[in-house]
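To start, the structure itself, in structure tokens.
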Amino acid sequence: MSQAKASLEHLYKVFTKPEGEDSRLAQIETQLSANLADFLSGHIVSEEIPLEKIEQDFSRAQVPEQPQFVSDHAQHLLDKLVSKSVNTYSPRFIGHMTSALPYFHLSLAKLLVGLNQNLVKIETSKAFTPLERQVLGMMHRQVFANDEAFYQQHLHSATSSLGTFCSGGTLANLNALWVARNRALPPLSGFRGISEDGLFSAMRYHDINQLAVISSARGHYSLAKAMDLLGLGKSQLHKLDCPKQTLDPQEVLHRGQKILEEGGRVMAIVGIAGTTETGHIDPLDELADVASQLNCHFHVDAAWGGATLFSTRHGSLLSGIEKADSVTLDAHKQMYVPMGAGMVLFKDPLAGNAVRHHAQYILRQGSKDLGSTSVEGSRNGMAMMLYASLHILGRQGYELLIDQSLAKAHKFAQLINEHEDFELVTEPVLCLLTYRLCPGHLREKSKKISDTHNQHLDELNRMVQKQQREAGHSFVSRTRLSNETYQQPITVFRVVLANPLTTEQDLQAILKEQAELAARQPLWTQL
Ligand SMILES: *Cc1c(COP(=O)(O)O)cnc(C)c1O
């Protein structure tokens, strides 16, 4: 390897064009574009390398003094990074919400990076700003179904907005609760609003001792982060137990009334449309009614499940979502857009004004700069990826994707139910289900599995999940769930059937491998 020199000549080359056909980076790019699946399966390790070992490759806390040739560095990345990353494209990688992408995103990513637009202000994004607003409008219409006149009025308005694009569900939830907080504590005589005067004055002027959010125990941890950031405190997030997997609207109402009686106020109710752990959907319609009874904001976290709205058959699972004041959607989950694409939508196009911020050199009064109502500042044009997907796949394409995922989840549930060694723990509502290894003789109708047996089963399922991951042929994730039957939470396998290329044979192979791994554990034979 020859040593590059820090020279202006080297810099010019780096900024202008590749070093020619023989550039290693250009070769990698060609291989990658020719066949992504082959590229990945050829490069992803199948045996588990301990993280500590990988850390050794990334252990120098010093900026390299000398420059490197692009080709040499590309080879370095291939060896140290690419070969040890995770093959999320594998049809047997069914443990998380991250899956394979349509191939065209690879070329679009090049366009996105090449153009390097900054959506914070129109001066650095121009056409990207109207595009992003159109995408928000399309998704808004999918959720709230207002009429054409409504969208013509608000799509490109400088004084209203249909939502905000951001890097993911976490920021979307934060943004929604930020708006809810500012709207819950508006200006009063002598008080300029929470945004200006802060929480301490807000409590005095509004005469309250707490500001609560009610959600379920299955709520995503980003809600707690938002409570922390907004100065409300994680303990003000009331996470109600849900042994039936979804929120009980009556319980939400009772908790809300109790908070009011104690001198507090309910800022928001958060319903989840597709929980991260089990894929369940809260009763959105009834929760919307409870929210109006308690006179609070109703937010729906549909980060993962929102794409179900594309399906004519299954969209009604989310009915009531149109009554939400705000909705979180993640395009990088079931909309198959690369990582870093989320959004929050507001039913009321004026809601976002509760957090509108102005600055002199950008975000001037009356400008259409998207940065004035977002948490983030500089931001890339990820909306283009969703824009392209919505056009290339169309609603009908998305519908097919959703319908086949759901059908596959039901098929997998059936395979589990038919198998002697497994117990289905949560039925798939969307394309997510949980199950565990549990020998048939323990599952006879009449008797309940003892706590001791459950502890052994927990240990067994934990070991099998780990060994399966380490063997590297397939991947399911694992979590702990409380349910109606047992006192203690139980350890379960969690499966998300997002990859359209996953076949029934893949699913059978995964169960077969798990059953074989279990049979090898002394614990299994002792049960
Ligand atoms: C994934 C998810 C989030 C968080 O989204 P990120 O994109 O990871 O920030 C929030 N809520 C739910 C229900 C999710 O599934």
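The values are calculated or read from the model by the stated rules, or taken from the named source; none is laboratory data. Being a predicted model, the structure only gives us computed values, none of them experimental. A quick note on method: Cβ atoms are made from the backbone with ideal geometry, for glycine too, and the neighbour counts reach across all protein chains shown. The protein model used for the area step is the full one, side chains on, heavy atoms only, and it has no ligands, DNA or RNA in it. Shrake-Rupley method; radii C 1.70, N 1.55, O 1.52, S 1.80 Å.
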In whole percent, the fraction of accessible protein surface over the stretch 160-358 that belongs to carbon or sulfur atoms, probe radius 1.4 Å, stands at 50 percent
The answer for trypsin sites (Lys or Arg not before Pro) in the stretch 307-361 that fall in a DSSP coil and have at most 12 neighbouring Cβ atoms within 10 Å is R313
Calculated from DSSP helices alone, with each H run of at least 4 adding -39500 (n - 2.57) and the total divided by the residues of the chain, [θ]222 nm to the nearest 500 comes to -13000 deg cm²/dmol
For the chain, dividing by residue count, accessible area per residue (probe 1.4 Å) in Å² works out to 49 Å²
When the charge dipole of the chain is computed with +1 on Lys and Arg Cβ and -1 on Asp and Glu Cβ about the Cα centre, the Cα farthest towards its positive end, among G340, I281, G193, belongs to G193
Rounded to the nearest Å, the spacing of the alpha-carbon centers of the stretch 399-456 and the stretch 475-521 is 8 Å
Rounded to a whole %, the carbon-and-sulfur portion of the accessible area of the stretch 397-526 at a 1.4 Å probe is 49 percent
Toy charge model, Lys and Arg Cβ at +1, Asp and Glu Cβ at -1: the chain dipole around Cα centroid in debye, rounded to 20, equals 720 debye
Dividing the alpha-carbon radius of gyration of the chain by 2.2 N^0.38 Å, where N counts its residues, gives 1.07
Distance in Å, no decimals, from the C-alpha centre of the stretch 255-273 to the one of the stretch 143-169 is 28 Å
Loop-resident trypsin sites (Lys or Arg not before Pro) in the stretch 41-114 with no more than 15 other Cβ atoms inside 10 Å, DSSP not H/G/I/E/B, are R60
For the stretch 462-509 the GluC sites (Glu not before Pro) that pass both the DSSP coil test and the at-most-16 other-Cβ-within-10 Å test are E484
Partner lysines whose C-alpha sits under 26 Å from that of K244, ignoring same-chain residues fewer than 8 away, are K225, K234, K258, K323, K333, K408, K411, K445, K447, K448
Whole-Å distance linking the alpha carbon centroid of the stretch 286-356 with that of the stretch 204-252 is 17 Å
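If one computes P(r) from the Cα atoms of the stretch 169-238, what percent of pairs lie at distances over 14 Å?
Tail of P(r) above 14 Å: 57 percent of Cα pairs.
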Out of L260, Q3, A471 - ranked by how far each Cα lies towards the positive end of the dipole of the chain, with unit charges on the beta-carbon of charged residues - the top one is L260
A student asked for the Cα radius of gyration and Dmax of the stretch 300-386 in angstrom ought to give 15.1, 49
